[in-house]
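Any read-out appearing in this document is the output of simple, stated calculations on the displayed coordinates, not a laboratory observation. Note that the structure is a prediction, hence the values are computed from the model and not measured. Here the Cβ positions follow ideal geometry from the backbone for every residue, glycine too, while neighbour counts run over all protein chains shown.
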């Protein structure tokens, strides 16, 4: 009888723990909700839950010119990834490229949401495969040509793009003090690592050992030999839409706080 009661208590505790660890939570006072801003599928495809991201944004100080430049650069890189993968999905009929291309389009939307939260009005994306920056345009043309040679080269190109994103996102995260930039870039970084794992799996299945270019071999091995990453929980503050206006010192974000909704 005593053993049965002990097991019942342990079982009740485990159920309670699972409830607390659910993807949609309230704080101890029951006044705030928490949720992830990432949706991760079993194949590693990682998308941003835009409603949750919008609710997680907070009021911050102005963006610095450097932070704004980094956001604009990442917008181009996410577009590059989306556009290259879209072409390769049609070229090779690969579900991996189709799924990750859709995820990159979603990542692009997350960056646009971050930009609009600071009153940035020029959020245009442009046509697929067309870039205003000639350097990015040349890189796009080079990557598509190389990846069109074989499906093996296509998966290598996917890995190359993801490790490039990882390097650039890491660099911004080591310098920015803006909480909203950190929130968005940390989650995009998780997405890039998951997508790198997905492309590495395809290469491994083909018997190909990939050598990284933008990150170290040690960092690459640590990423591809670890599980897919899930999103952590953020407090849902409300709309989080910025009302700031640009000035010579950058863009000012004024996210509105309110009652958030947990979306999973």
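A few notes on this one:
- Relative contact order for the range 23-251: 36 percent, from Cα pairs under 8 Å spaced at least 6 residues apart, divided by residue count.
- The range 23-251 - convex hull of alpha carbons, volume per residue in Å³: 127 Å³
- For peptides 56-68, 93-105, 172-184, sequence by mean Cβ density within 10 Å, most packed first: 93-105, 56-68, 172-184
- Efficiency of FRET between residue 167 and residue 146 - r from beta-carbon atoms, R0 22 angstrom, step 0.05: 0.70
- For a paramagnetic label modelled on residue 204 (point 7 Å from Cα along Cα→Cβ), amide N atoms under 13 Å away belong, within the range 44-65, to 44.
- With a simple spin-label model that places each label point 7 Å from the Cα along the Cα-to-Cβ direction, the separation between residue 222 and residue 177 comes to 2.6 nm.
- Rounded to the nearest 0.05, the FRET efficiency derived from the C-beta distance between residue 116 and residue 43 at R0 = 25 Å is 0.25.
- Label-to-label distance for residue 61 and residue 213 is 3.8 nm, based on points extended 7 Å past Cα in the beta-carbon direction.
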